[in-house]
Ligand code: ADP
């Protein structure tokens, strides 16, 4: 199973990716998580990414493509993966196509979680409020200004991928505004399971 989850911040990609990983025993490749791990470990990639991420901007393609390429070359990625947060630009999608071709791999589906973008700011702010109430750590980019930047980056740089994969015929659309179990069921249907 090789799947890309596409959608704006707050669309529920992470939640659905985790469920797919449990159900299909494949790997979750979240570039956001990988970058946060690099920051926590103080690696050169982490040092470069830290301030860019806190502002809500995109990390340069070259860095992100490098970490994904290294990761999908590992033996445990052979049986499949769910990409969550990558690709985020057309250049990243082209780089991914080249990587997959080199490895003789195909994508099963690109799933767009379609949400009402006007409601996203509220949805993310609610999530942050709940995390704060539970005493969980808040991401440095979960502040109103960076949130606006993240949504803007999505609209300008990531949304063109809907067209990109639409033209290739791999795009499937799922309503991300439904309750979590129903989104999960819709994803299963799209994947034919
Ligand atoms: P969200 O989808 O909620 O914005 P992520 O964890 O996917 O959260 O990403 C957080 C940040 O990490 C992004 O705003 C960006 O700075 C960086 N990042 C993650 N994936 C990519 C990517 N594919 N290309 C560039 N930057 C990325």
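Derivation of every value follows stated rules applied to the coordinates shown; laboratory data play no part. This one's a predicted model, so the numbers in the text were calculated from it and none came from an experiment. Every residue, glycine among them, receives a Cβ derived from its backbone with ideal geometry; neighbour counts consider all protein chains shown.
Per-residue extension of 0.36 nm, minus the Cα-Cα distance of residue 180 and residue 33, leaves a gain of 50.8 nm for this segment. From the square roots a ≥ b ≥ c of the eigenvalues of the alpha-carbon gyration tensor of the range 11-68, which class results: rounded (a/c under 1.5), prolate (a/b over b/c), or oblate? Because a/c hits 1.5 or more and a/b exceeds b/c, the range 11-68 counts as prolate. In this rough spin-label picture, where each label sits 7 Å from Cα along the Cβ direction, the residue 119-residue 149 distance is 2.8 nm.
In percent, what relative contact order does the chain have, based on Cα pairs under 8 Å that are 6 or more apart in sequence? In percent, rounded to a whole number, it is 33.
Residues 84, 188, 70 in ascending order of nearby Cβ atoms (within 10 Å, fewest first): 70, 188, 84. Working value for the range 103-193: equivalent-ellipsoid semi-axes of 28, 18, 13 Å, each the square root of 5 times a Cα gyration tensor eigenvalue, largest first. Could you calculate the FRET efficiency of residue 134 with residue 108 from 1/(1 + (r/R0)^6), where r is the beta carbon distance between them and R0 is 35 Å, rounded to 0.05? For residue 134 and residue 108, the calculated efficiency is 0.50. Over the residues of the chain, the helix contribution to mean residue ellipticity at 222 nm works out to -16500 deg cm²/dmol, using -39500 (n - 2.57) for each DSSP H run of at least 4.
The calculated FRET efficiency for residue 40 paired with residue 189, based on their beta-carbon distance and R0 = 35 Å, is about 0.40. Which of rounded, prolate, oblate describes the range 1-132, given a ≥ b ≥ c as roots of the alpha-carbon gyration tensor eigenvalues and a/c under 1.5 marking rounded, otherwise prolate only if a/b is larger than b/c? Judged from the Cα gyration tensor, the range 1-132 comes out oblate (a/c at least 1.5, b/c at or above a/b).
With the Cα gyration tensor of the range 73-156 giving a ≥ b ≥ c as the square roots of its eigenvalues, does the rule (a/c under 1.5 for rounded; else a/b larger than b/c for prolate; else oblate) give rounded, prolate or oblate? Note, shape of the range 73-156 comes out prolate.
Applying 0.36 nm per residue to the separation of residue 76 and residue 98 and subtracting their alpha-carbon distance, the gain on full extension is 5.9 nm. Look at 2, 134, 25 and count the other Cβ atoms within 10 Å of each Cβ; fewest to most, that gives 134, 25, 2.
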